[in-house]
1. To the nearest µm²/s, what D does Stokes-Einstein give for the stretch 57-137 at 20 °C and 1.002 mPa s, using the Kirkwood radius over alpha carbon pairs as Rh?
2. Rounded to the nearest angstrom and ordered from largest down, what semi-axes does the equivalent ellipsoid of the stretch 1-77 get from its C-alpha gyration tensor (root of 5λ)?
3. Nearest-5 percent of antiparallel DSSP beta bridges in the chain?
4. Is it possible to state the helix-based mean residue ellipticity at 222 nm for the chain, with each DSSP H run of 4+ residues giving -39500 (n - 2.57), the sum divided by total residues, to the nearest 500 deg cm²/dmol? What is it?
5. Restricting the calculation to Cα positions, tell me the Rg (one decimal) and the Dmax (whole number) of the chain in Å.
6. Pull up all non-local amide H partners of PHE30: gap of 5 or more, or a different chain, and H-to-H distance under 5 Å with H placed in the peptide plane.
7. How large is the charge dipole for the stretch 1-108, taken about the Cα centre, if only the Cβ atoms of Lys, Arg (+1) and Asp, Glu (-1) carry charge, to the nearest 20 debye?
Amino acid sequence: TDRIWSVVLIGAGNLGRALLAHPNFEAKGFRIVAVFDADPTKVGTPLHDLVVLPSSAAPIYVRQNPVKLAILAVPPEVAQDIADDLVAAGIRGILNFAPVALSVPPDVAVNAVDMAVQLEQLSFLVNFSESTRKTPG
């Protein structure tokens, strides 16, 4: 990319914390500028250089700041509602870690990260690689 993209992270659980700790986002042009969570025990706690904000504040934050990208690291049952709120606030790209397909307008890009599918593909490649190395004996 030719600039630093501001990104909001929704979900401060295990996956969200791991994403915040990722060392290469900024080197690739992405800066997580705010993190949100619905769990009141997480709200107000520091995570790296940020403080967890309530999920309900995410659309307001997006409207008031130049943010076009979001990462969803939330349970599947709330992912669509959160996506709807973020899109209405101005988000135009979502990296979705929730194991559910999101329905968004055509002008909004969604990249879904389904770890089970990724593992399935990886196991296929490993199995294929092993089967091609076996020689009849």
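1. Rounded, D is 146 µm²/s.
2. Semi-axes (√(5λ), whole Å): 19, 15, 11.
3. The answer is about 10 percent antiparallel.
4. -10500 deg cm²/dmol
5. 17.8, 68
6. Close amide H contacts, sequence-distant or interchain: TRP5.
7. 320
Every read-out reported here was derived from the displayed coordinates using simple, explicitly stated rules and does not represent laboratory data. Values in this document were obtained by computation on a predicted structure and should not be read as measured data. Here Cβ is always computed from backbone atoms with ideal geometry, including for glycine, and neighbour counts include all displayed protein chains.
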